[in-house]
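Structure first, commentary second.
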Amino acid sequence: MEASAEAGAAAAAAARTLRWAGRAGHLGGLPRAAVFAAVGAFAKAYASLLNTTTVHNADALLRLVSSRAPGTPLLTVSNHMSTLDDPLMWGFKGFPTSDAKLGRWVLTAEDICFKNAVMSYMFRLGKCIPITRGGGIYQEHMNEALDVLRNGGWVWLHTFPEGKIVQDDQPIRRLKWGTASLIVRAPITPIVLPIVHSGFEKVMPEKSFFGRRPPVPLCSKKIDIIVGEPIEFDMPSLKQEASMVPHDSSSEQKGWPPITPDGLDEVAQRWLYQKMSDKVQSVMERLRKTVINLKQH
């Protein structure tokens, strides 16, 4: 009974969020190409023409997007400062923003981007995957993101592991575990590339127009983006260490399924996801401080 209910809920979610529209072969790929061309032009206009964008270590991102080893997925992570971080952060000069084949998949808030059928269709064409806030790391949409990483080829997925927009100039927040869970569960461990930016909160401030976002992005702002180096994870060693974590019978359990073929139970997973999230957070915080220093000179 529970299995049929879960299957029904998954089918309803797929129907509501139009997953079929995100397939590469939908109508010969023409709608996706059109959306990437239009959104790419918009991103170029606001990042390269109407605002001033400086990207540090851009070659690291360009190289991994266009010429990494075949079959190795790329997972980029960044801080989240506005509703326009994506796509504007890909609009800098020299980046193939309008290339639908190379373009990233990105996790997006279902309650913002998938409000109705029209929005769902457009965001699906833009290679967006809806995430239900509070739905947990094993929700159906996270499994969809995992499917993207499983597909191989030139797969690139972007996430905002902080989980929400933060426009104050403050340290990187504690990261949600969803990104770490994707890294662990992916058949081939993705290349994890950290990115930190500053300035998009001025292009699309949350409360500047009668306490709301402005009707259009603002211009003449300075944007700084710094691309780090890939974060290394020794997954065999981490999984081995996680499997030996002592169990506390008083700790809350959510009924997560074990990770196969490693057989990591929920206690091991929690330790592993926290360990990996802490490492990503630490790297992102160092990049954030570097951006601050660069802006002061």
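Only Lys, Arg, Asp and Glu count, each charged at its Cβ (+1, +1, -1, -1), so figure out the dipole size of the chain about its Cα centre, rounded to 20 debye. Let's see the in-between values first.
On the way: 35 positive and 28 negative charges, 228 e Å.
Roughly 1100 debye for the chain.
Kindly express, to the nearest 10 degrees and within the range 0 to 90, the angle between helix 266-295's C-alpha long axis and the longest C-alpha principal axis of the chain.
Between helix and principal axis, roughly 20 degrees.
On a straight-distance basis, which lysines could pair with K221 in a cross-link, Cα separation under 24 angstrom, same-chain partners fewer than 8 positions away excluded?
Once the sequence-local lysines are set aside, what remains near K221 is K44, K93, K164, K202, K207, K289, K295.
Report, to the nearest 10°, how far helix 58-67 tilts away from the longest principal axis of the Cα atoms in the chain, using its own Cα long axis and a range of 0 to 90°.
Taking Cα atoms only, the helix is inclined about 60 degrees.
For segment 39-76 and segment 158-175, compute the distance between their C-alpha centroids and round to whole Å.
Between the Cα centre of segment 39-76 and that of segment 158-175, the gap is 20 Å.
May I ask you to give the solvent-accessible area per residue for the chain, in square angstrom, as obtained with a 1.4 angstrom probe? If you can, show how the numbers build up before the last one.
Working: 14520 Å² over 297 residues.
Using a 1.4 Å probe on heavy atoms only, each residue of the chain averages 49 Å².
Remind me, relative contact order of the chain in percent, using alpha carbon pairs under 8 angstrom and six or more residues apart? Can you show the working numbers first?
On the way: 461 pairs, mean separation 67.9, N = 297.
The value is 23 percent.
I want to check the label-to-label distance for N57 and E206. Put each point 7 Å from Cα in the C-beta direction and report it in nm to one decimal.
Spacing of the two 7 Å Cα→Cβ label points: 2.7 nm.
Just going by the charge dipole of the chain, with Lys and Arg at +1 and Asp and Glu at -1 on Cβ, which of P187, A242, T159 is farthest out on the positive end?
Most positive-ward Cα: T159.
For Rg/Rh (Cα atoms, Kirkwood Rh), several values are listed as (1) 1.20; (2) 1.06; (3) 0.96; flag the one computed from this structure.
(3)
Suppose every Lys and Arg Cβ carries +1 and every Asp and Glu Cβ carries -1, with no other charges. What dipole size does segment 182-297 come out with about its Cα centre, to the nearest 20 debye? Walk me through the intermediate numbers first.
Working: 16 positive and 14 negative charges, 187 e Å.
With only Lys, Arg, Asp and Glu charged at Cβ, the dipole is about 900 debye.
Which whole-number percent is the relative contact order of segment 35-168 (Cα, under 8 Å, 6+ apart)?
Numbers: 182 pairs, mean separation 50.5, N = 134.
Value for segment 35-168: 38 percent.
The values are calculated or read from the model by the stated rules, or taken from the named source; none is laboratory data. Because the structure is a prediction, the values reported are computed rather than measured. Ideal geometry is used to build each Cβ from the backbone, glycine not excepted, and the neighbour counts take in all protein chains shown. These accessible areas exclude ligands, DNA and RNA; they are computed on the full protein's heavy atoms, side chains included. Shrake-Rupley method; radii C 1.70, N 1.55, O 1.52, S 1.80 Å.
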